[in-house]
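Asker: Sharing a structure, written as structure tokens. Questions coming.
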Amino acid sequence: MEEKRTSVFENGLIWFGAAVSIAEILTGTYFAPLGFGKGLLAILLGHVIGCVMLYLAGLIGGKVRKSAMDTAKMSFGSKGALLFCILNIVQLVGWTAIMIFDGALAVNGIWGIGSWVWAIVIGGLIVLWILIGIQNLGKLNTVAMTALFLLTIVLSFVIFGKGNLHYGGEGGMTFGAAVELSVAMPLSWLPLISDYTREAKEPKKATAASAIVYGLVSCWMYVIGMGAAIFTGESDIAQIMVKAGLGIAGLVIIVFSTVTTTFLDAYSAGVSSESLHGRINGKWVAVGVTVIGTVGAICLPLEDITDFLYLIGSVFAPMIAIQIADFFILKTNSEDTGFCVQNLVIWLVGFVLYRQLMKVDILVGNTLPDMLLTIALCVAVSKLRGSIQKKN
């Protein structure tokens, strides 16, 4: 039976759902100290950097028809890539817990029956999404995305219709740190995007649509959060919705945006687990990840995710930089080897370099310099090794 492929439109819908997120809105509130003009510039610059990388990562998986963690085997070897597979599953469990925590906390501000109750409701809906399956969501996903789109427009009018400046725009983070925080969200999707572009009928167009839709909508979410803090003096999105009389509509925005975003994290954890062993059923792993994430959301304090975002960046920015160098520049494939020691060492250098660059305030953040330096190192080492082999 011929495998069902997703259309460009369906891929766009998936990544629209990924971007409409309470976590992104809350992250946007951190930009308020820069003022609206500088904050907007930092958001746009960071997303351009992040989404270019997102496109390149998705294109690799789309072209070779492999999941994100299977494409990692092409650079790090069949066993070497297991390190990133495990790290990816860990970060996806973390994301699942964070997203459910944020969603439950926010929706409880509208209907206060207990955050733990809402965490269970959201977790249950995510499980339902997983069991339906990404290829069968179809009309359900379209209806959910249409509702989210309309309600988010209403939310935007509520925030920006105030027109009063409540935040002076002094103090807080530097411009470079803001750019890095803007890069961090698209960067967090780098180890996932190929899980969806591998299923596309037209990989190049679908990957471009995914990166563009995600980038635009993610910027919109950041701006909503920043605008909320600057123009209403309020960073609690649930309270803004209550004061605006959105009530049930606000509840719908929060619940469904959390479900559609977190579904991707749990689903990709399942796909990544299949790279560990062929007999693993990814769908049931995804359900298990959702259950663990729900328990984590109920039991753990998960208010501040900035350190978590930077940790993801330090792990996966050099990883994807090496994959970009291998696939697009060097055109090498190490899938048949157990461990590609050369690239694993380069990744470690890139990881340490990222952590060191975090101490320096760079105008474009530290992800872009880290990735460019890692790509340059990867190409230089490969050329040097080739020259030595020729001499011998």
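Asker: If I histogram all Cα-Cα distances within the stretch 235-341 using bins 10 Å wide from 0, what percent of pairs lands in each bin?
Answerer: 11, 24, 34, 20, 9, 3
Asker: Provide, as a two-decimal number, the C-alpha radius of gyration of the stretch 181-262 over 2.2 N^0.38 Å, N being how many residues it has.
Answerer: Numbers: Rg = 15.8 Å, N = 82, 2.2 N^0.38 = 11.7 Å.
That works out to 1.34 for the stretch 181-262.
Asker: Still on this structure: Would you mind getting me the FRET efficiency between Trp284 and Ala380? Use the beta-carbon distance for r and R0 = 51 Å, nearest 0.05.
Answerer: Numbers: r = 44 Å, r/R0 = 0.86.
For R0 = 51 Å, the calculated efficiency reads 0.70.
Asker: Turning to a different aspect of this structure: Over the alpha-carbon set of the chain, work out the extent along each principal axis and list the three values in angstrom, largest first.
Answerer: Principal extents (Cα only, largest first): 75, 53, 38 Å.
Asker: Follow-up. For the stretch 1-98, state which trypsin sites (Lys or Arg not before Pro) are in a DSSP loop and have at most 16 other beta carbons lying within 10 Å of their beta carbon.
Answerer: Values: sites: Lys4, Arg5, Lys38, Lys63, Arg65, Lys66, Lys73, Lys79; in loops: Lys4, Arg5, Arg65, Lys66, Lys79.
Loop-located and lightly packed - Lys4, Arg5, Arg65, Lys79.
Asker: Continuing with this model, one more query. Could you calculate the contour length gain from Phe160 to Trp116, that is, 0.36 nm times the residue separation minus the distance between their Cα atoms, to one decimal place in nm? Intermediate results must be reported in sequence, preceding the final value.
Answerer: Values: separation 44, 0.36 × 44 = 15.84 nm, distance 3.17 nm.
Difference between extended and current length: 12.7 nm.
Asker: Please check: in the Gaussian network model of the chain (C-alpha springs, under 10 Å), which one of Ser257, Ser268, Ser115 has the largest mean-square fluctuation.
Answerer: Ser115
Asker: If the convex hull of the alpha-carbon atoms of the stretch 37-92 is projected onto planes in all directions, what is the mean projected area in square nanometres? If you can, show how the numbers build up before the last one.
Answerer: Numbers: hull surface 19.0 nm².
For the stretch 37-92, averaging the hull's shadow over all directions gives 4.8 nm².
Asker: Label Leu300 and Phe149 with points 7 Å out from Cα along Cα→Cβ: what is the distance between them in nm?
Answerer: For Leu300 paired with Phe149, the spin-label model returns 3.5 nm.
Asker: Among the complete DSSP H segments of the chain, which ones combine at least 18 Å of alpha-carbon extent along their axis with a mean Kyte-Doolittle hydropathy of 1.6 or more?
Answerer: Values: long enough: 36-64 (42 Å, 1.67); 82-108 (39 Å, 1.80); 115-132 (26 Å, 2.44); 138-160 (33 Å, 1.90); 175-188 (20 Å, 1.36); 203-227 (35 Å, 0.90); 247-276 (44 Å, 1.21); 282-299 (25 Å, 1.57); 306-324 (26 Å, 1.53); 341-357 (24 Å, 1.28); 367-391 (36 Å, 0.65).
The answer, listed by residue number, is 36-64, 82-108, 115-132, 138-160.
Asker: Could you work out how far the C-alpha centroid of the stretch 1-43 sits from that of the stretch 310-351, in angstrom?
Answerer: Answer, in whole Å: 26.
Asker: Binning at 10 Å from 0, report for the stretch 10-121 what percent of all alpha-carbon pair distances ends up in each bin.
Answerer: 11, 27, 33, 23, 5, 0
Asker: Taking the chain as a Gaussian network, Cα atoms linked when under 10 Å apart, which of Thr96, Thr367, Thr332 shows the biggest mean-square fluctuation?
Answerer: Of the options given, Thr332 has the highest mean-square fluctuation.
Asker: Calculate the spin-label point distance for Leu41 paired with Phe328, positioning each point 7 Å from the Cα along the beta-carbon direction, and give it in nanometres.
Answerer: Label-label distance for Phe328 and Leu41, simple model: 2.6 nm.
Asker: If R₀ is 30 angstrom, what is the calculated FRET efficiency for the pair Ile132 and Phe339, using the beta carbon separation as r and rounding to 0.05? Kindly include the intermediate steps, with their values, before the conclusion.
Answerer: Details: r = 38 Å, r/R0 = 1.28.
Here the calculated transfer efficiency is 0.20.
Asker: Scan the chain and report its longest stretch carrying no GluC sites (Glu not before Pro) that are both in a DSSP loop and have at most 11 other Cβ atoms within 10 Å.
Answerer: Working: sites that count: Glu2, Glu3, Glu170, Glu303.
Looking at the chain, 4-169 is the longest stretch - no exposed GluC sites (Glu not before Pro) with at most 11 other Cβ atoms within 10 Å.
Asker: Still on this structure: Looking at this model, which pairs from Lys63/Lys383; Lys66/Lys331; Lys331/Lys383; Lys66/Lys139; Lys139/Lys283; Lys63/Lys391 are more than 23 angstrom apart at the alpha-carbon?
Answerer: On the way: Lys63/Lys383 25 Å; Lys66/Lys331 16 Å; Lys331/Lys383 12 Å; Lys66/Lys139 26 Å; Lys139/Lys283 21 Å; Lys63/Lys391 35 Å.
Result: Lys63/Lys383; Lys66/Lys139; Lys63/Lys391 exceed 23 Å.
Asker: Taking H as built 1.01 Å from N, whose amide H comes closer than 5 Å to the amide H of Thr6, not counting residues under 5 places away?
Answerer: Under 5 Å from the amide H of Thr6 lie the amide H atoms of Ala200, Lys201, each far enough along the sequence or on another chain.
Asker: For the chain, calculate the relative contact order in percent as a whole number, restricting contacts to Cα pairs under 8 Å that are 6 or more residues apart.
Answerer: Working: 651 pairs, mean separation 137.0, N = 392.
It comes to 35 percent, rounded to a whole number.
Where a number appears in this text, it was derived from the coordinates with a stated rule and is not lab data. From a predicted model like this one, the values you see are computed outputs, not experimental measurements. As a convention, Cβ positions derive from the backbone with ideal geometry for all residues, glycine included, and neighbour counts pool all protein chains shown.
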